[in-house]
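Working notes for the structure below.
The values are calculated or read from the model by the stated rules, or taken from the named source; none is laboratory data. Predicted model only: the values in this text are computed from it and were never measured. Glycine also receives a Cβ, built like all others from the backbone with ideal geometry; neighbour counts cover every protein chain displayed.
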Amino acid sequence: MIARIEIAGFKRFTASCFELASLVVLCGLNGAGKSSMLQALLLCREAMTSQAKTVSLNGGPFGLELGTAEDVHNRASVGNISIRMMTADDPTVAQWRFAVPESTPDSLYLVVAERPDPFGEAFVLDAVPRGFTYLSAERFGPRALLKSAATAGSMLEVGVRGEFSAQVLAEFGERPLEYLDRRHPNAAMDAVPFLKYELEQWLSEIVCPIRVEPELHANGLVASLRFGPPGSDLVRAPNMGFGISYALPIILAGLVARPGGLLIVENPEAHLHPAGQSRIGVFLAWLAGKGVQVVLETHSDHVLNGICRAIAELGFLDHKNAIVHFFEGGEADQARVAVPLRFTASGGVSDWPPGFFDQYQIDVAALGRLRRRR
């Protein structure tokens, strides 16, 4: 597990340090640096996928669109982009250094000046399936058919946009969970924990009571998902709305993620009703308690409340193993771009700075003043 990350010279980070935990919540103003922090992790992972001397800033395995090398280099910084990571139980520092090509600062790539030895389950040179998973905010909505990944079944992953979820579920859905501690907390211990049934149980709690059936077509070239309430006929994905299609890859990726691996999720609340947003917060906290490090970016106080309930009410995660980084915005070259906040054992947050999920209170107070004047 990554316990600490230091980012220097990248986008708005002149020299910033972030303490991490089993569960990391990134929140705050738009354009304040949350996505940039995730992109730093993605560049490090991309640099470990091969021994290539460069990393692409556009496209690549994570579909990045970062522009030119000059765009991502912090103008107040001197020298290379540097990203350093440390674990809690190993003094070894993993360091990546990325250089802007001197002759072509408008290049669409960075030069890999230094990469570390393999680092944990998430940052290894050889492809380790489901050790590093990133789910973009722009996940695939309902699709009648989805292309299949041209890879061996054992190497399958859900994809950056969840585009291979149907194929993963067709491959592994009728098998017992590889990691038996991932069975649903309310599952009967004498029941065989098939992946599909575990997925359905979480999806039913987060969205609505549901059955899921994957199917491969054209000799496996494409795949599809059908959905339906228990006891009813199944319908194609486009007839079930966006909430299910957006939530399903998150749950599926979590259930198959490698212990000690890293799961990064942008906006897990997208297209979910408030109760579903809260419950997906519970799921991600539960998953972090099972040995998968979870980093999520969210704008939802419902997700935050779900995490608080998972800690205090359900006991899925120790409060010491979770942290919030609240990105305040402000000047791009300021030393501190985020305020670290801790959860309490009773389900609270250690501090509540202005702008931190306080819009509900602000709006209610404004309406209350308006009504009193009338």
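Filter the range 144-166 down to residues that are part of a loop (DSSP other than H, G, I, E, B), touching a residue at least 60 places away in the same chain (Cβ under 8 Å) and closer than 16 Å to Leu195 by Cα, then give me how many there are.
2
Among the residues in the range 293-307, are any touching a residue at least 12 places away in the same chain (Cβ under 8 Å), of a type in the set (Ser, Thr, Tyr) and under 23 Å from Met37 (Cα atoms)?
There is at least one residue in the range 293-307 that is touching a residue at least 12 places away in the same chain (Cβ under 8 Å), of a type in the set (Ser, Thr, Tyr) and under 23 Å from Met37 (Cα atoms).
Does Leu272 meet the test of being in contact with a Pro (Cβ under 9 Å, 6 or more places away or on another chain), crowded, with 22+ Cβ neighbours inside 10 Å and not acidic (Asp, Glu)?
It is false that Leu272 is in contact with a Pro (Cβ under 9 Å, 6 or more places away or on another chain), crowded, with 22+ Cβ neighbours inside 10 Å and not acidic (Asp, Glu).
Listed residues Ser107, Ser103; which is more than 21 Å from the chain's Cα centre (by Cα) and either touching a residue at least 24 places away in the same chain (Cβ under 8 Å) or surrounded by 14 or more Cβ atoms within 10 Å (Cβ to Cβ) (or both)?
It is Ser107.
So which of Ala40, Ala8, Ala21 is surrounded by fewer than 21 Cβ atoms within 10 Å (Cβ to Cβ), assigned by TED's automatic domain parsing to the domain that holds Lys290 and of a type in the set (Gly, Ala, Ser)?
Within the list Ala40, Ala8, Ala21, the selection yields Ala8.
Every residue in the range 37-68 that is of a type in the set (Lys, Arg) and more than 23 Å from the chain's Cα centre (by Cα), please.
Within the range 37-68, just Lys53 meets the criteria.
Tally the residues that are in contact with a Gly (Cβ under 9 Å, 6 or more places away or on another chain) and more than 23 Å from Gly329 (Cα to Cα), restricting the search to the range 50-74.
Total satisfying the criteria: 2.
Would you kindly identify the strands (runs of 3 or more DSSP E) lying entirely within the range 288-374 that contain at least 3 residues that are out of contact with any helix residue (DSSP H, G or I) (no Cβ under 7 Å at 6 or more places or on another chain)?
322-327, 338-342
List the pairs whose first member sits in the range 18-41 and is more than 15 Å from Val324 (Cα to Cα), whose second member is outside any loop (DSSP other than H, G, I, E, B) and β-branched (Val, Ile, Thr), and whose Cβ atoms are under 7 Å apart, counting only residues at least 6 apart or on separate chains?
Partner pairs satisfying both residue conditions: Ala40/Ile7; Ala40/Ile83; Leu41/Ile264.
Return the residue satisfying two criteria in turn: it lies in the range 167-203 and is of a type in the set (Asp, Glu) and assigned to a loop (DSSP other than H, G, I, E, B), and of such residues it is nearest to Val265 (Cα to Cα).
Glu178
Search the range 69-94 for residues being surrounded by 18 or more Cβ atoms within 10 Å (Cβ to Cβ) and among the polar types (S, T, N, Q), and hand back the single one that is nearest to the chain's Cα centre (by Cα).
The extreme case among them is Ser82.
How do the pairs read when you match residues in the range 345-374 that are over 21 Å from Pro274 (Cβ atoms) with residues anywhere that are at pLDDT 90 or above and surrounded by 11 or more Cβ atoms within 10 Å (Cβ to Cβ), using Cβ under 6 Å and keeping only pairs 6 or more apart or on different chains?
Short answer, once both residue conditions are applied: Ala345/His319; Ser346/Ala312; Ser350/Leu341; Ser350/Arg342; Asp351/Leu341; Pro353/Val339.
How many residues does the range 100-143 hold that are in a loop (DSSP other than H, G, I, E, B), hydroxyl-bearing (Ser, Thr, Tyr) and within 26 Å of Gly260 (Cα to Cα)?
Going through the range 100-143 one residue at a time, the tally reaches 1.
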